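Comments concern the structure below.
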Amino acid sequence: MEQIYFLLCALGDVMLIFLVYFLVAVIFRNTSWIYHFTATKVATTLVISAVVSVMAEKIALIMDWWQYSDQMPLVPFLNIGLSPFLAIVLLPILTFFITKKINQLF
């Protein structure tokens, strides 16, 4: 059962990355925005990722889908776990950058 839980969490992270991609594409009105990184697009992606991360963590905590151990460092003022927050903030930009690089190889 624990494996299914982790699989669902990983799939949730994938969906959040798709959500970030979609929101940035809507803002820039360009579905190919990851192929033309600019400082503005990177900053926008990071801000949207942070907002999505906070919302996802807050919803998960309110719905009691998970809870943090006493050892989990929290983001000040937000009271959400630092590692899940950083994962959703950094994973999308890393994923998009790697996707762009792989696409350039082919």
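Within the stretch 25-53, how many residues are hydrophobic (A, V, I, L, M, F, W, C), closer than 16 Å to residue 95 by Cβ and part of a helix (DSSP H, G or I)? Even if it seems obvious, please write down each step before you answer.
Within the stretch 25-53, the subset hydrophobic (A, V, I, L, M, F, W, C) is 25-28, 33-34, 37, 39, 42-43, 46-48, 50-52.
Keeping just the survivors that are closer than 16 Å to residue 95 by Cβ gives 25, 33-34, 37, 42, 46, 48, 50, 52.
Subsequent filtering for residues that are part of a helix (DSSP H, G or I) retains 25, 33-34, 42, 46, 48, 50, 52.
Residues that pass the stated criteria total 8.
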Exercise for the section: Determine, yes or no, whether residue 60 is at pLDDT below 95 and of a type in the set (Gly, Ala, Ser). Expected result: yes
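Pull up the stretch 13-51, narrow it to residues that are of a type in the set (Phe, Trp, Tyr) and surrounded by 17 or more Cβ atoms within 10 Å (Cβ to Cβ), then point me to the one that is nearest to residue 103 (Cα to Cα).
Within the stretch 13-51, the subset of a type in the set (Phe, Trp, Tyr) is 18, 21-22, 28, 33, 35, 37.
If we keep only those that are surrounded by 17 or more Cβ atoms within 10 Å (Cβ to Cβ) as well, we get 21, 33.
On the way: 21: 16, 33: 13 Å.
Applying the filter and picking the extreme gives 33.
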Problem - Some residue of the stretch 67-75 being out of contact with any strand residue (DSSP E or B) (no Cβ under 8 Å at 6 or more places or on another chain) and in a helix (DSSP H, G or I) - result: no
Exercise for the section: For residue 58, state whether it is more than 17 Å from residue 97 (Cα to Cα), among the basic types (Lys, Arg) and surrounded by 10 or more Cβ atoms within 10 Å (Cβ to Cβ). Expected result: yes
Handout entry: Those residues of the stretch 25-64 which are in contact with a helix residue (DSSP H, G or I) (Cβ under 8 Å, 6 or more places away or on another chain) and closer than 23 Å to residue 83 by Cα, in sequence order
Key = 42, 44, 45, 46, 48, 49, 50, 52, 53, 54, 56, 57
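From the set of residues in the stretch 29-81 that are of a type in the set (Gly, Ala, Ser) and without any contact (Cβ under 8 Å) to a residue 24 or more places away in the chain, which is farthest from residue 16 (Cα to Cα)? Give the derivation first.
Initially, the stretch 29-81 is screened for residues of a type in the set (Gly, Ala, Ser), giving 32, 39, 43, 49-50, 53, 56, 60, 69, 81.
Imposing the further condition that a residue be without any contact (Cβ under 8 Å) to a residue 24 or more places away in the chain reduces the set to 32, 39, 43, 60, 69.
Values: 32: 18, 39: 22, 43: 17, 60: 13, 69: 23 Å.
So the residue we want is 69.
Which residues, counting only those in the stretch 61-75, are crowded, with 16+ Cβ neighbours inside 10 Å and within 20 Å of residue 6 (Cα to Cα)? Before the answer, list the steps.
Within the stretch 61-75, the subset crowded, with 16+ Cβ neighbours inside 10 Å is 68, 75.
68, the sole residue that qualifies.
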Problem - Hits in the stretch 76-106 (condition: part of a loop (DSSP other than H, G, I, E, B) and surrounded by 13 or more Cβ atoms within 10 Å (Cβ to Cβ)) - result: 78, 80
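The values are calculated or read from the model by the stated rules, or taken from the named source; none is laboratory data. Keep in mind that this is a model prediction, so the values were computed, not measured. Methodologically, a virtual Cβ is constructed for each residue, glycine included, from the backbone with ideal geometry; neighbour enumeration extends over all protein chains shown.
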